[in-house]
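Colleague: Have a look at the structure that comes next, please.
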Amino acid sequence: ALFFSGNALLPGAEPAAHCYCGHQFGQFAGQLGDGAAMYLGEVCTAAGERWELQLKGAGPTPFSRQADGRKVLRSSIREFLCSEAMFHLGIPTTRAGACVTSQSTVVRDVFYDGNPRYEKCTVVLRIASTFLRFGSFEIFKSADEHTGREGPSVGRNDIRIQMLDYVIGTFYPEIQAAHAADSVQRNAAFFREVTRRTARMVAEWQCVGFCHGVLNTDNMSIVGLTIDYGPFGFLDRYDPDHVCNASDGAGRYAYSKQPEVCKWNLQKLAEALEPELPRELGEAILAEEFDAEFHRHHLHKMRRKLGLVRAELEGDGALVARLLETMRLTGADFTNTFYLLSSFPVGPEPPDAPEFLDALTAQCASLEELKLAFRPQMDPRQLSMMLMLAQSNPQLFALIGTRANVTKELERVEQQSRLEQLSSAELLSRNRGHWADWLQEYRARLEKDREGSGDSDAWLAEHLRVMRANNPKYILRNYIAQNAIEAAENGDFSEASRHLSPSVRRVLKLLEAPYCTEGEATEVPEVEGAGGAGSGGHPYSAKPPLWAAELCVT
């Protein structure tokens, strides 16, 4: 605890804070740097691995500016749990080695609403091969045409060369060996590999419903890891436009936009590598590699999630697209829907198909959930004023930059009006119709897959094994994290806690085994309010309670 709270130095540690820049929400912010993180050094293992140790929240650094360099229990537990959850889901990520809290407090205005409160100081031990990021190479950027800001190392191409030599030689040694005599080709191969890794990483995110929340260039790893866990979130109800960061009013980092934003960030990395990587070469690599690699990996993962283990057919992409559209139309729970599909009865006319349809529609959003999700966000008078302004002074309306917000608000009002005319029975009937149509298509596709195997029993075993290995039962839902945080704030970290709120250790234990093990039956996920863990499912795999929709993550 002394070492990992920052109160004592490990032997050989050389603490330092990292200087980097970044494009934040699309604008170049200039010099940023580790304002709350401190590099300790590297641990080299007998197997030849290098692990960089970093403390987050241990106090001020040279880049803290006016901040105190502290992190609090709430955000630290979220990072600690999500780092480990992502690792056990099989997604490239930084790790969390420890979480140390104390009685020391700092004042934080959690929701930026003028209601600050005291929170416990907490330090997270982060572990990764490197914490270098796209923004690390933006320190050389000349004055930005929009913001006028520049990096602190403008003109220092010697440092850029030194950084490239270090990064490629250390983390991409096969590229260094293959192109030792030609630095331009070496740098091109490096950028190509970073592009591919980033495309695969964001494809993995999309396949588990993970939303990063703050995909600035300073939060993008140079080795393709998920890095910097802030206002992240996993999808509950499938909504491609979901924004997990309450500060992202424009929805720049919405779930569906993550691939596009990662590609944009790679463009900024390509610009930052010039002249060591000619701009036109970097842009050509990005155009050639990113979209192709993302779609290839995403479809590969989706085939695995649907248990298509033999033939790869041309129509599989359309099948996945129609599945996601069905999930959107019915407000299906992302994780539980895929998990349930693992128990879909295979065969031309299986006897238990109606029961499966019942279980599947139970994971769709209720009328109450939908009304809550689509409730208007603006005061009707404010909306009326905005519409009047749009008509009377469109130039000023455009300057204010609220067109997207007003459009979205009008959609909410319209959707709310439609929901008021809908009964629960009508909603259920509609949902059953949507799912019956898609399941018929899915059953036909599974039959083609089975026919191509030759051995139906072997195919079924492989089908189930692959689906169970790719569709998690447990993810770090916001409400579960919040319950764990509240328990920890009351002093409960223990696994043995018997009260309702899950402790941090108990949640961590579940997240360390997110998939069904070999031979374990696929349970029907718990439905909130249906009777608790004893009724067949585990409460931590349940759809979120209604109050979870009110959680605000900043």
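The values are calculated or read from the model by the stated rules, or taken from the named source; none is laboratory data. Keep in mind that what you see is a predicted model, and the values were worked out from it rather than measured. Cβ placement follows ideal geometry from the backbone for every residue including glycine, while neighbour counts extend to all protein chains displayed. Calculation scope for accessible area: heavy atoms of the full protein, side chains included, ligands and nucleic acids excluded. Shrake-Rupley method; radii C 1.70, N 1.55, O 1.52, S 1.80 Å.
Colleague: Which residue pairs have Cβ atoms under 6 Å apart, sit 6 or more places apart or on different chains, and have a first residue in region 205-229 that is closer than 17 Å to Gly251 by Cβ and a second that is of a type in the set (Gly, Ala, Ser)?
Modeller: Cys211/Gly233; Gly213/Gly230; Val214/Gly230; Asn216/Gly22
Colleague: Those residues that are touching a residue at least 60 places away in the same chain (Cβ under 8 Å), part of a helix (DSSP H, G or I) and open to solvent by 10 Å² or more (accessible area, probe 1.4 Å), I need them from region 296-321; list them, please.
Modeller: Of everything in region 296-321, those that are touching a residue at least 60 places away in the same chain (Cβ under 8 Å), part of a helix (DSSP H, G or I) and open to solvent by 10 Å² or more (accessible area, probe 1.4 Å) turn out to be His297, His298, Lys301, Arg304.
Colleague: Just need a number here: residues in region 244-276 that are assigned to a loop (DSSP other than H, G, I, E, B), farther than 11 Å from Asn216 by Cα and out of contact with any Lys or Arg (no Cβ under 8 Å at 6 or more places or on another chain).
Modeller: Summing the residues that are assigned to a loop (DSSP other than H, G, I, E, B), farther than 11 Å from Asn216 by Cα and out of contact with any Lys or Arg (no Cβ under 8 Å at 6 or more places or on another chain) in region 244-276 gives 10.
Colleague: Right, Ala481: surrounded by 12 or more Cβ atoms within 10 Å (Cβ to Cβ) and closer than 30 Å to Val72 by Cβ or not?
Modeller: In short, yes.
Colleague: When you scan region 515-534, do you find a residue that is surrounded by fewer than 21 Cβ atoms within 10 Å (Cβ to Cβ), of a type outside the set (S, T, N, Q), at pLDDT 90 or above and assigned to a loop (DSSP other than H, G, I, E, B), even just one?
Modeller: Yes, the conditions are met somewhere in region 515-534.
Colleague: Here's another thing I want to ask about it. Every residue in region 322-359 that is hydroxyl-bearing (Ser, Thr, Tyr) and in a helix (DSSP H, G or I), please.
Modeller: Thr326, Thr330, Thr335, Thr337, Tyr339
Colleague: Is it the case that some residue within region 168-177 is in a loop (DSSP other than H, G, I, E, B), in contact (Cβ under 8 Å) with a residue 12 or more places away in the chain and either open to solvent by less than 10 Å² (accessible area, probe 1.4 Å) or in contact with a Pro (Cβ under 7 Å, 6 or more places away or on another chain) (or both)?
Modeller: There is at least one residue in region 168-177 that is in a loop (DSSP other than H, G, I, E, B), in contact (Cβ under 8 Å) with a residue 12 or more places away in the chain and either open to solvent by less than 10 Å² (accessible area, probe 1.4 Å) or in contact with a Pro (Cβ under 7 Å, 6 or more places away or on another chain) (or both).
Colleague: Follow-up question, since we're still on this one. Filter region 249-260 for residues that are open to solvent by less than 10 Å² (accessible area, probe 1.4 Å) and either of a type outside the set (S, T, N, Q) or not assigned by the TED database to the domain that holds Trp205 (or both); which is farthest from Thr226 (Cα to Cα)?
Modeller: Step one: list which residues in region 249-260 are open to solvent by less than 10 Å² (accessible area, probe 1.4 Å), which gives 251, 253-254, 258.
Going one step further and asking which of them are either of a type outside the set (S, T, N, Q) or not assigned by the TED database to the domain that holds Trp205 (or both), we end up with 251, 253-254.
Numbers: Gly251: 20, Tyr253: 15, Ala254: 16 Å.
Checked region 249-260; the qualifying residue farthest from Thr226 (Cα to Cα) is Gly251.
Colleague: Show the residue pairs meeting these rules: Cβ distance below 9 Å; 6+ apart or different chains; first residue within region 144-158 and surrounded by 14 or more Cβ atoms within 10 Å (Cβ to Cβ); second residue among the small types (Gly, Ala, Ser) and outside any loop (DSSP other than H, G, I, E, B).
Modeller: Asp144/Gly30; Arg149/Ala29; Arg149/Gly30; Glu150/Gly30; Gly151/Gly30; Gly151/Ala272; Pro152/Gly30
Here's the yes/no breakdown for (1) surrounded by fewer than 19 Cβ atoms within 10 Å (Cβ to Cβ); (2) at negative phi; (3) assigned to a loop (DSSP other than H, G, I, E, B):
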| residue | (1), (2), (3) |
| --- | --- |
| Ala404 | yes, yes, no |
| Lys408 | yes, yes, no |
| Gln416 | yes, yes, no |
| Arg432 | yes, yes, no |
| Trp435 | no, yes, no |
| Glu447 | yes, yes, no |
| Arg465 | yes, yes, no |
| Leu476 | no, yes, yes |
| Ile485 | no, yes, no |
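Colleague: Under 17 Å from Pro376 (Cβ atoms), out of contact with any Asp or Glu (no Cβ under 7 Å at 6 or more places or on another chain), modelled with pLDDT of 90 or more and part of a helix (DSSP H, G or I): is that true of Leu428 in this structure?
Modeller: In short, no.
Colleague: Can you pull out the residues in region 232-243 that are in contact with a Gly (Cβ under 6 Å, 6 or more places away or on another chain) and assigned to a loop (DSSP other than H, G, I, E, B)?
Modeller: Filtering region 232-243 down to residues in contact with a Gly (Cβ under 6 Å, 6 or more places away or on another chain) leaves 232, 234-235, 237, 243.
Result: Phe232, Leu235, Val243.
Colleague: Continuing with this model, one more query. Would you check if Thr101 is assigned to a strand (DSSP E or B), more than 18 Å from the chain's Cα centre (by Cα) and among the β-branched types (Val, Ile, Thr)?
Modeller: yes
Colleague: Within region 75-91, how many residues turn out to be in contact (Cβ under 8 Å) with a residue 24 or more places away in the chain and surrounded by fewer than 20 Cβ atoms within 10 Å (Cβ to Cβ)?
Modeller: 4
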